[in-house]
Amino acid sequence: MSFKFFKFFFFLLIGLFLLKWVYDFFGSPDSIKLINENKSNLYLIIFAHIPTLYFDAIAWQVFIKKERLSVLWTFLITWISQASGKFFPTGTISGEFIRVYLGVKRGLTIYESSSTVFADLIIATFSLFLISIFSLLVVTFDSISLFNNQKSFYLYVSLFLMFLGCIFFYFFIKLRLIKFLLKKENIFGFRLNKKNLRILFKIDFSLFLLSRNRLNLLKALLSRLLGWIAGAFEIYVFLFIIGVDASLLDVILIEAFTGIVRAVAFFIPAGLGVQELAFVLIGNYVGLGDTVAFSIAIGRRIREIIVGIPAVLIWIFVFYNKKGKRA
């Protein structure tokens, strides 16, 4: 067994053990019962997810020339890539590679697809950072504090790492460090053929050009922020389905906190256990209780499955290469 598969199963086991612990400690039959009693209305969470996908797709398309990829195909590719990020071993990372691949299949050049996906990923990270800072300020000004000195340590570290990541990639693109590193390739003991070098130089230059268009960067950032808010609205819809009242601010706090946790624990396949724990912790903070908070976690998993399976089927039956083989 290769190291890659060993690593996958190792982190999968961690996720499964954590999921079992969260269920044993916080979960209850009441959470399942709450969903079963309202299962006839669960179809609403499918429609509630459409705005999230739309804003995420628009944030990516901002960086793409309109004649190169339509809104419809951008939406479909974003849908497929996000679904694959939930089902595939490497999580979100695999989803971004699939987005690059499908972008190329639909006519983008390899450097255009790679650079736009990378730029969108940076914008998505920065938008999550902004939403998280907003949520943290709300909590800080609240007299009730979930994030006391002990519990807040990992949150602050995560936010700090996200901030450093945003700063690093800003200078990485502005200073064209890819070009610099490629010129120093002998230092690292590797050589690339001319074709790969040309592609990487084009990706570097394309990223640099994208970073200079501040209007597009602002549009993409606003779209991503709206995407996070739309994700919070999905939680609001689910709570409405099960008959629980919650404010928009509450669901934004839940979405932001779970987003941070999943981003930091990206190495856990599908965020098993980690996502559920995040929902329970922040759900308790906003006063929902273990039963409702854990039911939200289950509802999110249900949404990922019923939205993700059609996306995978579209990938299989729509994206074919010229020889008729599945993409």
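The values are calculated or read from the model by the stated rules, or taken from the named source; none is laboratory data. These figures come from a predicted structure and were not determined experimentally. Counting neighbours? That spans all protein chains shown, and the Cβs are built from the backbone with ideal geometry, glycine included.
Given the criteria out of contact with any Leu (no Cβ under 8 Å at 6 or more places or on another chain) and buried (at least 23 other Cβ atoms within 10 Å of the Cβ), does ILE252 qualify? Reasoning before the result, please.
On the way: out of contact with any Leu (no Cβ under 8 Å at 6 or more places or on another chain): yes; buried (at least 23 other Cβ atoms within 10 Å of the Cβ): no.
For ILE252, the condition - out of contact with any Leu (no Cβ under 8 Å at 6 or more places or on another chain) and buried (at least 23 other Cβ atoms within 10 Å of the Cβ) - is not met.
Would region 44-52 turn up any residue that is among the aliphatic types (A, V, I, L, M) and under 24 Å from LEU108 (Cα atoms)?
No - not one qualifying residue is present in region 44-52.
Looking at region 198-246, which of its residues are at pLDDT below 90 and among the hydroxyl-bearing types (Ser, Thr, Tyr)?
Result: SER206, SER211.
If you take the residues in region 83-140 that are of a type outside the set (A, V, I, L, M, F, W, C) and over 28 Å from ARG68 (Cα atoms), which one is modelled with the highest pLDDT?
SER132
Yes/no per residue for (1) without any contact (Cβ under 8 Å) to a residue 12 or more places away in the chain; (2) surrounded by 13 or more Cβ atoms within 10 Å (Cβ to Cβ); (3) within 13 Å of GLY299 (Cα to Cα):
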site: PHE25; (1), (2), (3): yes, no, no
site: ASP30; (1), (2), (3): no, yes, no
site: ASN38; (1), (2), (3): no, yes, yes
site: LEU42; (1), (2), (3): no, yes, yes
site: TYR54; (1), (2), (3): no, yes, no
site: GLN61; (1), (2), (3): no, yes, no
site: THR78; (1), (2), (3): no, yes, no
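GLY243 versus (1) free of Cβ contacts under 8 Å to residues at least 60 places away in the same chain; (2) part of a loop (DSSP other than H, G, I, E, B): which is the lone unmet condition?
Condition (1) is where GLY243 drops out.
Got at least one residue in region 162-185 being at pLDDT 70 or above, farther than 24 Å from LEU253 by Cβ, in a helix (DSSP H, G or I) and hydroxyl-bearing (Ser, Thr, Tyr)?
yes
Find all pairs meeting these conditions: Cβ atoms under 7 angstrom apart; at least six residues apart or on different chains; first residue within region 196-219 and surrounded by fewer than 19 Cβ atoms within 10 Å (Cβ to Cβ); second residue among the hydroxyl-bearing types (Ser, Thr, Tyr).
ILE199/TYR111; LYS202/TYR111
Can you pull out the residues in region 108-127 that are assigned to a helix (DSSP H, G or I), more than 23 Å from TRP228 (Cα to Cα) and of a type in the set (Val, Ile, Thr)?
Result: ILE110, single match.
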